[in-house]
Amino acid sequence: MEIEYCIPNGKMMIDAGLFFRDAGMRQIRRMLKQLSQSRPASEEYLPKIRKYLQDQILAEKARAVEAAEEYAIYSTWLSERKTRYDEMRNPCYAAYTEDKEALSRMKELIGTCKTHVDDAKNRMIRAQKLTGRYEDILKDVEKIIKE
C-alpha cells in the first residue's frame, strides 16, 4: 500500500509494507503525526492504514500458528529420530547396528530435523514480534486519530 501526503517541503510517498515493518517507532509516530496534519490525506489514508494493520496482525498470527504446528511436528520427529539413533548405538536393543553408514545417515537426519525445528521456532518468534509491533502501531494510529 502506497501512502502519499504533504509535508512542509513537498510531498512524501511511503510504501506502508516496508515502512511499518522496518522503520523505528519514532519515525512511524512522526509519519502518522504528519499524515494527520495533512487533512485530505489523513481522511483518505488513516482508515486504510487501520485496515492494513488489522490485516497484517491477522496474517502474522496465522503465520505464528502455522510455524507452531510445524515446530510441534519437527520436534516430534527429532525426538523419535534421536531415540532411534540411541537404540541403533546400544547393543541392548534390537535396532542395534555396527553399520557406520546407517549410523551416519541417521545422524544426518537428526541434523536436518534440528535445522527444521530451529527454522520453525525462529519463524514463530518473528511472527509473534511482528504481531506485537503491528498492534503497537495500531494503538498509535488510534491515539493520533483521536487527537
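If we scan segment 46-53, do we find a residue that is in contact with a strand residue (DSSP E or B) (Cβ under 9 Å, 6 or more places away or on another chain) and surrounded by fewer than 16 Cβ atoms within 10 Å (Cβ to Cβ)?
Yes, the conditions are met somewhere in segment 46-53.
For segment 12-34, which positions are in a strand (DSSP E or B) and either of a type in the set (Val, Ile, Thr) or in contact with a Phe, Trp or Tyr (Cβ under 7 Å, 6 or more places away or on another chain) (or both)?
Within segment 12-34, Met12, Ile14 meet the criteria.
Beta carbons closer than 8 Å, at least 6 apart along the sequence or on distinct chains, pair a first residue in segment 86-98 that is closer than 18 Å to Leu109 by Cα with a second that is aliphatic (A, V, I, L, M) and assigned to a helix (DSSP H, G or I) for Met88/Ala102; Met88/Leu103; Met88/Met106; Arg89/Leu103; Ala95/Met88; Tyr96/Met88; Thr97/Met88; Thr97/Leu103.
Residue-wise test of (1) surrounded by fewer than 12 Cβ atoms within 10 Å (Cβ to Cβ); (2) at pLDDT 90 or above; (3) more than 26 Å from Gln128 (Cβ to Cβ).
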site: Glu66; (1), (2), (3): no, yes, no
site: Leu78; (1), (2), (3): no, yes, no
site: Lys82; (1), (2), (3): no, yes, yes
site: Asn90; (1), (2), (3): yes, no, yes
site: Ala94; (1), (2), (3): yes, no, yes
site: Asp99; (1), (2), (3): yes, no, yes
site: Lys107; (1), (2), (3): no, yes, yes
site: Cys113; (1), (2), (3): no, yes, no
site: His116; (1), (2), (3): no, yes, no
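Of note, Ala23 satisfies the criterion of being free of Cβ contacts under 8 Å to residues at least 24 places away in the same chain, surrounded by 15 or more Cβ atoms within 10 Å (Cβ to Cβ) and under 18 Å from the mean Cα position of the chain (by Cα). Only residues that are in contact (Cβ under 8 Å) with a residue 60 or more places away in the chain and aliphatic (A, V, I, L, M) were counted in segment 103-138, giving 5. Counting only residues that are over 30 Å from Gly24 (Cα atoms) and of a type in the set (Gly, Ala, Ser), segment 90-147 holds 5 of them. Is it fair to say Lys121 is among the basic types (Lys, Arg), touching a helix residue (DSSP H, G or I) at 6+ places or on another chain (Cβ under 8 Å) and crowded, with 16+ Cβ neighbours inside 10 Å? Criteria met by Lys121.
The values are calculated or read from the model by the stated rules, or taken from the named source; none is laboratory data. In this text the structure is predicted, and so the values were computed from the model without any measurement. In this analysis, Cβ positions are derived from the backbone assuming ideal geometry, glycine residues included, and neighbour counts consider all displayed protein chains.
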